[in-house]
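In what follows, a single structure is set out as structure tokens and then discussed.
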Amino acid sequence: MICDLLLISGTDILIIEYPGNESEMNSLCETIEGTSLAANTVAVGRTTLVSDKDLFAMGFQFMNRSICLLGAALDVLSSALTFLRTGSISDVAGISSLNELLEFPRICYMDKLDR
């Protein structure tokens, strides 16, 4: 098995790509026990999206969610571009949501205290 060769060669961490389901993931973790393992998952990929808690329980020590976050950001940007093209506001946050997210009321309050 290629994993055995990697472990013998001194590999510090293995990134497991494309296991098909949780059963395969558990099997891999049991087979490669004692080695640091990284899960690299995306929201709509071949592998079932599993919570960090469950991945830790299986034996993974590292989780790469950057591609998942990039996909979410792409969806948001696509919605914003659709809004700019069509004027449809169904998927765009309103000013009150933006104010809350960016804490504008608190910033304005602190700004007034500074004066």
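The values are calculated or read from the model by the stated rules, or taken from the named source; none is laboratory data. Since this is a predicted model, take the numbers as computed values, not measurements. In this analysis, Cβ positions are derived from the backbone assuming ideal geometry, glycine residues included, and neighbour counts consider all displayed protein chains.
Restricting the search to region 27-51, which residues are touching a Pro at 6+ places or on another chain (Cβ under 9 Å) and at pLDDT 75 or above?
Matches in region 27-51: Ser27, Leu28, Ala39.
Just to be sure before I move on: is Leu98 modelled with pLDDT under 75 and farther than 18 Å from Ile15 by Cα in the structure I sent?
Yes, satisfied.
Output the residues belonging to region 56-70 that are small (Gly, Ala, Ser) and in contact (Cβ under 8 Å) with a residue 24 or more places away in the chain. If you could, list the steps in order and put the result at the bottom.
Residues of region 56-70 small (Gly, Ala, Ser): 57, 59, 66.
Matches in region 56-70: Gly59 only.
Among Asp4, Asp54, Asp12, which is the only one that is charged (D, E, K, R), out of contact with any Gly (no Cβ under 9 Å at 6 or more places or on another chain) and modelled with pLDDT of 70 or more?
Asp54
Mind telling me which of the residues Gly59, Gly34, Gly45 ends up being in the same structural domain as Pro19 (by TED's automatic domain parsing) and surrounded by fewer than 12 Cβ atoms within 10 Å (Cβ to Cβ)?
Gly34
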